[in-house]
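Comments concern the structure below.
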Amino acid sequence: MRYSNSLKATLIRATAGLTFLLLLLSLQACSLADVRPRDMRKLSLEETDQRKGRQLLAEARAAQGADHLAGHETYTLEVVDNWRGLLGGIANPWPVNGDELHLHYEVGTFDVRAEIREGRKEGDAFGMQSWNTYRQEEGETIQWKRNRKHAFVLAAVQYFFEITDRLSRAPIITYAGQHELYGTTYEGVYVTWEEYEPNRGNDQYLLYIHPETKLVHGILYTTREVPNPAPPGWYGNIFFTNWQEVEGYRYPATMTVQLNKFKAQKRWIHQINIESVEFDRVSNDYIDANPALTEMGDEKPSR
């Protein structure tokens, strides 16, 4: 069988991409991701500067204006959610890509209602209440069904939007040295739960805090709960740009996600562009689709 040159090129790219993916899988299939800097891995928690780490995170929380969140019940993010490449396509939980979504979140919880606002699925909605997920097609009743991809992405967007407030409650917070990234020297803060060392039960976060603005610009993070089959050695990074402010709360209007370590900023697999933020546009009742469900706040379900 003879193929055109363009088809041959497409097949070569696809084969190369699959080969590269399989190589990554084989190399990282055994080790558990650890985002701590290498010199920290030789130290115990007691040998690190926990006081400085907590001070830096407290300053970042204040710089973001996290106390202003407590004065509101909900907020609405109007976003354009873009997924790119093979991995982005696999991870995308939505039936659309690049269309406008309205995400209605309840402050301090993981309760959310997401609505598609344009494109072929306009009017459809997805939601989560106390970690129970549902889908609602336009004009139809809510259908409750477990969907781990929806739960993971909806919770992750909220977590990163509220990042300094959420992480300030973690029990393990310590200084992680200075780190060069995109021409800036950042202060590092390491955050995790239960154990200082990597473990399968808890995620790790390495924050890059700007020395002047005190805002968190970048994060290395593990994805122990990612719903798609992934090697335990994989982790992610997210970089925050285009900072805006609404009612005293500062947020990054662009969140750019990459796989593993930081790379050239154009090499992203997921990018969230927040077009607007509005507090208390909707009530808690609008988000909580089933009043009978037990409230879980910011607790996660037991595994």
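The values are calculated or read from the model by the stated rules, or taken from the named source; none is laboratory data. Here the structure is a predicted model, which is why all the values come from computation and not from measurement. No Cβ is skipped: glycine too gets one built from the backbone with ideal geometry, and neighbour counts run over all protein chains shown. Areas reflect the complete protein model, heavy atoms only, side chains present, ligands, DNA and RNA absent. Shrake-Rupley method; radii C 1.70, N 1.55, O 1.52, S 1.80 Å.
Once the Cβ-Cβ distance between Asp280 and Val80 is put in as r, and R0 is 25 Å, what FRET efficiency do you end up with, to the nearest 0.05?
0.65
Would you tell me the accessible area of His270, worked out with a 1.4 angstrom probe on the heavy atoms of the protein chains, in Å² to the nearest 10?
My reading of the accessible area for His270 is about 20 Å².
Using 0.36 nm per residue, how much length does the chain from Ile142 to Ser44 gain when fully extended, once their Cα-Cα distance is taken away?
My answer for the length gained is 30.3 nm.
Which whole-number percentage describes the relative contact order of the chain, with Cα contacts under 8 Å and a sequence gap of 6 or more?
Normalised by residue count, the contact order of the chain is 23 percent.
Rounded to whole Hz and in sequence order, give me ³J(HN,Hα) for segment 268-279 from the Karplus expression 6.51 cos²θ - 1.76 cosθ + 1.60, θ = phi - 60°, writing x for Gly and Pro.
9, 10, 8, 9, 10, 10, 8, 8, 7, 10, 9, 7
Run lengths n ≥ 4 of DSSP H only: what is the helix-derived mean residue ellipticity at 222 nm for the chain, with -39500 (n - 2.57) per run over all residues, to the nearest 500?
Helix contribution divided over all residues of the chain: -7000 deg cm²/dmol.
Students often check this: by mean Cβ neighbours within 10 Å, which of 159-170, 81-92 ranks highest, and how do the rest follow?
My ranking of the peptides, most packed first, is 159-170, 81-92.
With the crude spin-label approximation of a point 7 Å out along Cα→Cβ, what separation in nm comes out for Trp193 versus Arg267?
So the label points at Trp193 and Arg267 sit 3.2 nm apart.
Charges only on Cβ, +1 for Lys and Arg, -1 for Asp and Glu: so what's the dipole of the chain about the Cα centre, in debye to the nearest 20?
Dipole about the Cα centre, nearest 20: 1860 debye.
So what J values fall out for segment 254-260 if you push phi through Karplus, 6.51 cos²θ - 1.76 cosθ + 1.60 with θ = phi - 60°, rounded to Hz, Gly and Pro as x?
Going residue by residue, I get 10, 10, 10, 10, 10, 8, 6 Hz, with x marking Gly and Pro.
Just report the Cα centroid separation between segment 105-165 and segment 197-274, whole Å.
When both Cα centres are located, 20 Å separates them.
Please report, to one decimal in angstroms, the Kirkwood hydrodynamic radius of the chain built from all distinct Cα-Cα pairs.
For the chain, inverting the mean 1/r across all distinct Cα pairs yields 20.6 Å.
Take peptides 280-286, 207-213 and line them up by average Cβ neighbours within 10 Å, highest first, as a rough protection proxy.
207-213, 280-286
Along segment 49-64, what does the Karplus equation 6.51 cos²θ - 1.76 cosθ + 1.60 (θ = phi - 60°) give for ³J(HN,Hα), rounded to whole Hz, x for Gly and Pro?
8, 5, 4, 5, x, 5, 5, 4, 5, 4, 5, 5, 5, 5, 5, 7
Tally Lys/Arg at +1 and Asp/Glu at -1 over every other residue whose Cβ is under 13 Å from the Cβ of Thr48; what's the total?
In short, +1.
Which of the peptides 257-268, 128-139 is most tightly packed, and how do the rest follow, judged by the mean count of other Cβ atoms within 10 Å per residue?
Final packing ranking: 128-139, 257-268.
Quote the FRET efficiency, to the nearest 0.05, computed for Gln244 versus Glu295 with a Förster distance R0 of 22 Å and r equal to the Cβ-Cβ distance.
Efficiency at R0 = 22 Å is approximately 0.15.
Determine the share of the chain's accessible area contributed by carbon and sulfur atoms, expressed in whole percent, with a 1.4 angstrom probe.
Of all accessible area on the chain, carbon and sulfur atoms account for 50 percent.
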